[in-house]
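The values are calculated or read from the model by the stated rules, or taken from the named source; none is laboratory data. Note that the structure is predicted; figures quoted are calculated from it, not measured. Don't worry about glycine lacking a Cβ; one is built from the backbone with ideal geometry, like all the others, and counts go over all protein chains shown.
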Amino acid sequence: MNNPIDISIEKAIELIKKCKNIYIVSHVQPDGDNIGSTLALAMAIKKLKGNINVLKVDNIPSDYEFLPSIELIKNHNLDKPIELLITLDSSDLERIGKGRKFAEKAKYIINIDHHITNDNFGDINIVSPKAAATGEIIYQFIEKMGIDIDKDIATCLYTAISTDTGSFMYSNTTYKTHLIVSELLKLGIDTDYININLYQSRSIARTKLFINSLSSLETFLEGKIGIVAITQEMLKTNGAKMEDTEGIISFIRGIKSIEVACLLKELDEKEIKVSLRSKKQIDVSKICNKFNGGGHVRAAGCTIYENISKAKNIIVEEILLHFR
Ligand code: AMP
Ligand code: MN
Ligand code: MN
């Protein structure tokens, strides 16, 4: 009961009870854990305090539009006082994009996250690298708040945990993950509806991009490293968006010989988002740390500010070093 995380959670709840203008923000290029955790906590705080502000810092991929209370995520300006900012699933302030300005203005920051690379930038830090998803921490948090976890909150938490664990398959999945999810299932959430929305609603454009990108797969080190690069041109050709790259990297990791899968996304001519996944040997968070990024042992990301072919050479060189 007296572990440091529990104490921090209690302090955070006290602060939430005291503060008036509360904002929640998560990272740019949002994923299911980001959006699911954000909405779950937002709904819980709304039950407690009557209102909550949820900052939109990037476009929401259409995959998550089905989530309850998604309309809470919206643009805000800086004209109101910000007493408390709660950041979720973000290992440093860089990750929250334009939310940084809100962080500078906030009187207090609560940082809730599960990345090992989190730099504890908050006044209160609830960082638990053993949690498979930020959604697991939020489940505990809402329980400690004494707020009833209803079907809508449970739907968002299930989405957070399912997406960050690759549907409970990745090595970050623990018995606690399953215990939490079993509690969510008891609440009667519609897993069929959630799973169809999350995993069986791929558009034709996304499918075409998938085929097109995999045909450009390059491998190195006897097939241990696999790379796919997505250019703006490829998006245009297939009528797809960058969010449609979802799923490509896990497909690359699914190749038998692959230890490290790499996806390069050309956000701009000299801004390449790098995603890395590994199977059982290489700590990819260490590789991404070299480029001011971060993440987890088996899933990490960073940005390289070079053109896509240079970025590819740079990341391949760095990955190769970690095999030695
Ligand atoms: P991605 O490849 O973007 O899906 O990210 C994989 C994991 O690494 C996720 O847990 C991300 O939150 C984390 N991550 C991605 N990019 C960064 C970054 N620039 N800095 C820190 N963590 C990141
Ligand atoms: Mn995330
Ligand atoms: Mn996460």
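Scan G295, G226, G254 and give me the residue that is under 23 Å from Y64 (Cβ atoms) and among the small types (G, A, S).
Values: G226 fails: under 23 Å from Y64 (Cβ atoms); G254 fails: under 23 Å from Y64 (Cβ atoms).
Answer to the check: G295.
Does I149 fit the bill of being more than 27 Å from C262 (Cα to Cα), among the β-branched types (V, I, T) and more than 16 Å from ligand 3 (Cβ to nearest atom)? Walk me through how you get there before you give the answer.
On the way: more than 27 Å from C262 (Cα to Cα): yes; among the β-branched types (V, I, T): yes; more than 16 Å from ligand 3 (Cβ to nearest atom): yes.
So I149 fits the description; yes.
Only one of (1) part of a loop (DSSP other than H, G, I, E, B); (2) within 16 Å of ligand 1 (Cβ to nearest atom) is not met by G135, so which one is it?
With (1) part of a loop (DSSP other than H, G, I, E, B); (2) within 16 Å of ligand 1 (Cβ to nearest atom) applied to G135, the lone miss is (1).
Pick from region 1-55 the residues that are modelled with pLDDT under 95 and of a type in the set (S, T, N, Q): which of them is nearest to ligand 3 (Cβ to nearest atom)?
Per the criteria, the residue is N3.
Give, as residue ranges, the helices (runs of 4 or more DSSP H) completely inside region 233-324 that count at least 1 residues that are within 16 Å of the chain's Cα centre (by Cα) and surrounded by 15 or more Cβ atoms within 10 Å (Cβ to Cβ).
Values: elements: 248-253, 284-289, 308-321.
Hits in region 233-324: 248-253, 284-289.
Filter region 67-118 down to the residues that are among the aliphatic types (A, V, I, L, M) and either surrounded by 21 or more Cβ atoms within 10 Å (Cβ to Cβ) or touching an Asp or Glu at 6+ places or on another chain (Cβ under 7 Å) (or both) and list them by number.
Listed by number, the residues that qualify are L67, I73, I82, L84, L85, I86, L88, I96, A106, I109, I110, I112.
Is there a residue being over 18 Å from H115 (Cα atoms) and out of contact with any helix residue (DSSP H, G or I) (no Cβ under 8 Å at 6 or more places or on another chain) anywhere in region 27-41?
no
Please identify the pairs in which a residue from region 193-211 that is closer than 19 Å to T165 by Cα has its Cβ atom under 7 Å from the Cβ atom of a residue that is among the hydroxyl-bearing types (S, T, Y), counting only partners at least 6 apart or on another chain.
Partner pairs satisfying both residue conditions: I194/T155; I194/Y158; I194/T159; L198/T159; L198/S162; L198/T163.
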